[in-house]
Amino acid sequence: MRRLREAVLVAAMIVLSGCGHQVTGLNSPNGGSVVPSGYTQIQFETQAQPDFTNYKYLIVLNANGDGHAPYALGYNSNYTDWSFAFFFGGGAGLASAPVIYQYFSDSSQPSGVNKRTLGYATGTLTFNLLSATSAAAYGFYITFNRCLLDYPSPINNTGVPTPAPTSHPQGQSCPPFYYLTTDTWVMNMFSIDSTNTVVDSLGNGPSDTSYPGFTIPTDTLLNGKSYIKPVTGQSPQNPSAAIYGVEVFSTP
């Protein structure tokens, strides 16, 4: 039997086993979810306590609407199917202040893709380590307002006027999105070592392009949608860099 983990996550207790995730003891402040309306929570689970000094951990989203999974190849080439990425770690104290990048088409770049940093207001994105009760619970989770990602490309490649590159109109929830073309995101997760080499993903090893991606329908209540990565021979030697799985809570 795979190891039993028990994590306290906001108002929920989540027990992880080889049979899947069991969610018990939920309070239901928002129709059964543990996040407010307009927010999504992504739990990044590792095989051992994350090492934020020697590794970076990435959550990458494709919000283009084509249904393709973002793969690690994008980190070293043209960022195909990368729309947004949350970066954690890479040095002492950097995990608790994640960096968000937006990727967009830019014909002036050799790869045809460029990126920029997206800022966020205090309280719109929070970072927490998983906390254990009776057993080890490794990893971390972020809770964020989805409107943080509702930005258009800063470059007009169409030759026609585009909206100004500002955020979603104030006072509205996401979805509906003002700039993004889809309510369903496709996600992948990666760990990267100090040489900027990808060492693991949600797929079979760092360079797997067969994994279809983890989908997050942002217009649907998700009360612990999860995926546990199958055991393979492609796991990194350092368990701190080895990805165990993902769990998502989200409220429209």
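The values are calculated or read from the model by the stated rules, or taken from the named source; none is laboratory data. If you're wondering where the values come from, they're calculated on a predicted model, not measured in any experiment. No Cβ is skipped: glycine too gets one built from the backbone with ideal geometry, and neighbour counts run over all protein chains shown.
Checking ASN64, ASN78 one by one, the residue that is surrounded by 14 or more Cβ atoms within 10 Å (Cβ to Cβ) and either at pLDDT 95 or above or under 21 Å from ASP219 (Cα atoms) (or both) is ASN64 and no other.
Total residues in the range 228-252 satisfying the condition of being more than 14 Å from THR40 (Cβ to Cβ) and under 13 Å from the mean Cα position of the chain (by Cα): the figure is 2. Looking across the range 42-61, the residues that are among the aromatic types (Phe, Trp, Tyr) and either surrounded by 21 or more Cβ atoms within 10 Å (Cβ to Cβ) or touching a Lys or Arg at 6+ places or on another chain (Cβ under 6 Å) (or both) come down to PHE44, TYR55, TYR57.
Total residues in the range 165-214 satisfying the condition of being surrounded by fewer than 16 Cβ atoms within 10 Å (Cβ to Cβ) and either within 25 Å of PRO252 (Cα to Cα) or of a type in the set (Gly, Ala, Ser) (or both): the figure is 13. Within this structure, ILE59 passes the test of being within 16 Å of ASP193 (Cα to Cα) and at pLDDT 95 or above. When the range 133-164 is filtered for residues that are loosely packed, with under 15 Cβ neighbours inside 10 Å and at pLDDT 85 or above, only PRO154 remains. Residues in the range 105-126 that are part of a loop (DSSP other than H, G, I, E, B) and either farther than 29 Å from PHE140 by Cα or touching a Pro at 6+ places or on another chain (Cβ under 7 Å) (or both): ASP106, SER107, SER108, GLN109, PRO110, SER111, GLY112. The residues in the range 81-104 that are touching a helix residue (DSSP H, G or I) at 6+ places or on another chain (Cβ under 8 Å) and modelled with pLDDT under 85 can be counted, and the count is 0.
Condition check ((1) on the phi > 0 side of the Ramachandran plot; (2) modelled with pLDDT of 95 or more; (3) of a type in the set (S, T, N, Q)) across all residues:
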site: ASN188; (1), (2), (3): no, yes, yes
site: SER207; (1), (2), (3): no, no, yes
site: THR218; (1), (2), (3): no, yes, yes
site: PRO230; (1), (2), (3): no, no, no
site: PRO236; (1), (2), (3): no, no, no
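In the set (1) part of a loop (DSSP other than H, G, I, E, B); (2) within 13 Å of the chain's Cα centre (by Cα); (3) of a type outside the set (Lys, Arg), the condition left unmet by ASN54 is number (2).
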